[in-house]
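Chemist: To start, I am sharing the structure in question, which I have written as structure tokens.
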Amino acid sequence: MKKVIEGSMAVALAVKACRPHVISAYPITPQTHIVENLSQMVADGELKSEFVNVESEFSAASVILGASATGARAYSTTTAQGLLLMTEVLFNIAGLRLPVSLTCANRAISAPINIWCDHQDAMTVRDSGWIQLYAEDCQEAADMQLQAFKIGENPEIMLPVMVNMDGFILTHAFEPIELLDQKMADEYLPPYKPEIFLTTKNPVTFGILAEPQYYAESRYRLEEAIKASKPVIEEAASEFKRIFGRYSGGLVDKYKLDGAKTALVGMGSVVGTMREVVDEMNSHGQKSGLLKIRTYRPFPKEAIYDALKDVDNIIVMEKAISLGLGGILLNELKSIFQGKKKQPRISGFIIGLGGRDIPTQSIINAVKKVESETIEDEFIDLRTELIGAGK
Amino acid sequence: MPKTQTKSTKPEGITVKPGSSKEYKTGSWRSKKPIFKHDKCNDCRICVMVCPDGVIFGEDKKYWADMDFCKGCGICAEECPVKDIDMELEVR
Ligand code: SF4
Ligand code: SF4
């Protein structure tokens with residue numbers, strides 16, 4: 001059944017379909033509607049979850065850590081400063097191999113204060129050991145929620161999964177959403193039954209001190225596990241398609257890349273705008289395609305290389321920056337082509353920071369620019385009067 | 001399940017059985033060690049109470065530290081009212 005609902009409601013309903021035992025979150029714009037909807041569902045008795053109110057995101061993350069260690073399926077949601085406040089706990093959750101899930105309503109990081117969308121929050125915790133998925137639209141954000149627990153709770157993986165959806169652009173957008181049928185959701189996502197959990201019947205200790213003779217092996221296993229999640233992420237998407245009839249997960253999504261000379265690369269909602277640009281370019285005879293990165297961690301190197309190995313020109317558009325280096329995705333993508341025979345020209349642009357609108361024309365202009373030269377880390381559409389340029 | 005995998009990626013080694021701290025010696029990063037001189041000790045047991053690791057044991061003016069766990073922080077020596085504990089450089 002399709003219904004026009006807000007993205008936040010689509011996610012809240014998807015979380016409900018996952019039957020989490022414990023939810024803990026602290027409201028922060030633009031994630032607020034997700035928590036409000038969930039707490040309403042719990043208050044109305046529609047959702048049988050323990051909703052734990054907390055005084056900060058640090059506590060919210062700690063609550064889901066503890067809950068998950070007892071064998072509960074646990075969920076939280078946050079954004080920007082809230083995600084950064086969770087940071088220490090995020091690393092612990094991954095290190096303890098607890099398959100919780102979190103929706104990050106992607107938002108810019110202060111200062112200056114800005115509550116609108118970019119990807120700096122999630123990109124900043126990319127090395128925490130969390131699997132990171134990025135949704136292009138509200139349907140994907142909802143569908144990936146179910147897949148998040150499916151992937152994370154795989155006994156060979158046992159990792160937390162963050163589903164990223166663009167703040168406001170998706171959280172506050174009303175779209176026709178295919179609602180997740182509870183019976184199908186139950187078939188897809190069986191109850192969580194971890195092998196090891198905290199119980200008085202069989203006591204264990206979580207989070208021990210690991211001296212130099214143990215620590216490296218623990219981190220090695222974490223790295224092996226997150227790498228091993230690549231086929232699991234693909235399988236979770238195929239299984240989802242088998243039950244629900246639509247494909248909305250996986251590692252990457254290719255669009256018109258067969259025979260393309262130019263490829264655009266992006267993540268999140270901007271991909272929709274990029275797709276329009278690709279269509280327009282093709283209608284003018286410029287053979288171009290698009291690669292959507294759905295899974296950012298683990299970084300799907302093989303899938304990206306496979307998709308882009310035949311193009312001449314790659315243009316990365318990203319909503320985050322590693323200050324002092326430049327585009328994060330740009331540099332990671334470049335590393336994939338290190339030592340390969342065919343070297344495409346790889347350019348990168350920083351776009352849409354702090355919710356700056358990204359019109360199709362801006363992307364078209366960027367594509368035109370790299371026809372003749374490689375451009376790295378250029379900010380699109382900078383207002384020259386505000387940066388003291390052009391005087 | 002990943003098909004290409006050669007070894008298990010399960011989170012083994014993340015948890016341990018309870019009460020196993022005694023078997024897991026954690027005194028390796030000490031650079032100084034306490035020497036209990038057993039000379040002027042007045043049995044006040046302040047050292048026993050202030051040791052952050054709780055590894056000082058003994059009675060009848062004869063106290064000692066479990067060196068498998070002592071971190072060499074020197075609090076016992078600092079707080080001993082009669083200076084009956086010295087801190088000495090640990091040589092390994
Ligand atoms: S603090 Fe000094 S005097 Fe007191 S019990 Fe310990 S060693 Fe003895
Ligand atoms: S040096 Fe510190 S850890 Fe060692 S016995 Fe004294 S108080 Fe305890």
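Please treat every number below as a calculation from the coordinates, not as lab data. This structure is a prediction, so every number in the text was calculated from the model and none was measured.
Chemist: Given C-alpha coordinates of segment A:129-173, what is the ratio Rg to Rh with the Kirkwood estimate of Rh? Don't jump to the answer; show the numbers that get you there.
Modeler: Details: Rg = 11.3 Å, Rh = 10.9 Å.
Here the Rg-to-Rh quotient is 1.04.
Chemist: Rounded, prolate or oblate, given the Cα gyration tensor of segment A:1-123, with a/c below 1.5 counting as rounded?
Modeler: It comes out oblate by the Cα gyration axes.
Chemist: Report, in deg cm²/dmol and to the nearest 500, the calculated mean residue ellipticity at 222 nm for chain B, where each DSSP H run with n ≥ 4 adds -39500 (n - 2.57) and the sum is divided by the residue count.
Modeler: Counting only the DSSP helices, I get -2000 deg cm²/dmol.
Chemist: Direction-averaged shadow area of the convex hull around the Cα atoms of the protein assembly as shown, nm²?
Modeler: 30.7
Chemist: Right, something else. Would you list which aspartates and glutamates come within 18 Å of A:LYS261, measuring only between C-alpha atoms, while excluding same-chain residues fewer than 8 positions from it?
Modeler: The qualifying aspartates and glutamates are A:ASP253, A:GLU276, A:ASP279, A:GLU280, A:ASP306, A:ASP310, A:ASP312, A:GLU371, A:GLU373.
Chemist: On the first, second and third principal axes, largest extent first, how far apart are the outermost C-alpha atoms of chain B in Å?
Modeler: Principal axes ranked by extent give 69, 28, 16 Å for the Cα atoms.
Chemist: Checking the a/c ratio against 1.5 first, then a/b against b/c, what shape does the Cα gyration tensor give for segment A:284-391?
Modeler: Prolate, since a/c reaches 1.5 and a/b exceeds b/c.
Chemist: Express the relative contact order of chain A as a whole percentage, based on alpha carbon pairs under 8 Å and six or more residues apart in sequence. Could the numbers behind the result be given before it?
Modeler: Details: 811 pairs, mean separation 60.9, N = 391.
Here the relative contact order equals 16 percent.
Chemist: Using only Cα atoms, locate the centre of segment A:1-68 and the centre of segment A:333-391, then give the distance between them in Å, rounded to an integer.
Modeler: Cα centroid to Cα centroid, the span is 37 Å.
Chemist: One quarter of the convex hull surface, Cα atoms only: what value does that give for segment A:2-244 in nm²?
Modeler: About 13.2 nm², averaged over all directions.
Chemist: Could you work out the helix-only [θ] at 222 nm for chain A, with each DSSP H run of four or more residues adding -39,500 (n - 2.57) and the total divided by the number of residues, to the nearest 500 deg cm²/dmol?
Modeler: -12500 deg cm²/dmol
Chemist: Considering only A:ASN365, A:ASN114, A:ASN37, give the residue with the highest GNM mean-square fluctuation for chain A, with springs between Cα atoms whenever their separation is below 10 Å.
Modeler: A:ASN365
Chemist: Just to confirm my numbers, what's the Cα centroid distance between segment A:249-304 and segment B:39-92 in Å?
Modeler: 66
Chemist: For Cα pairs less than 8 Å apart in space and 6+ apart in sequence, what is the mean separation divided by the residue count of chain B, i.e. the relative contact order in percent? Please list the in-between numbers first.
Modeler: On the way: 119 pairs, mean separation 33.3, N = 92.
Reported relative contact order: 36 percent.
Chemist: With a 10 Å cut-off between alpha carbons and a GNM built on chain A, which of A:ILE336, A:ILE93, A:ILE350 moves the most?
Modeler: Answer for the Gaussian network model of chain A: A:ILE336.
Chemist: For chain A, modelled as a GNM with alpha-carbon contacts under 10 angstrom, which of A:GLU280, A:GLU153, A:GLU376 fluctuates the most?
Modeler: A:GLU280
Chemist: Listed here are the pairs B:LYS10/B:LYS71; A:LYS48/A:LYS292; A:LYS3/A:LYS319; A:LYS254/A:LYS309; A:LYS193/B:LYS17; A:LYS241/B:LYS10; which of them are more than 24 Å apart at the Cα? Present the calculation step by step, with values, prior to reporting the outcome.
Modeler: Values: B:LYS10/B:LYS71 33 Å; A:LYS48/A:LYS292 36 Å; A:LYS3/A:LYS319 30 Å; A:LYS254/A:LYS309 13 Å; A:LYS193/B:LYS17 20 Å; A:LYS241/B:LYS10 27 Å.
In this structure, B:LYS10/B:LYS71; A:LYS48/A:LYS292; A:LYS3/A:LYS319; A:LYS241/B:LYS10 lie more than 24 Å apart at Cα.
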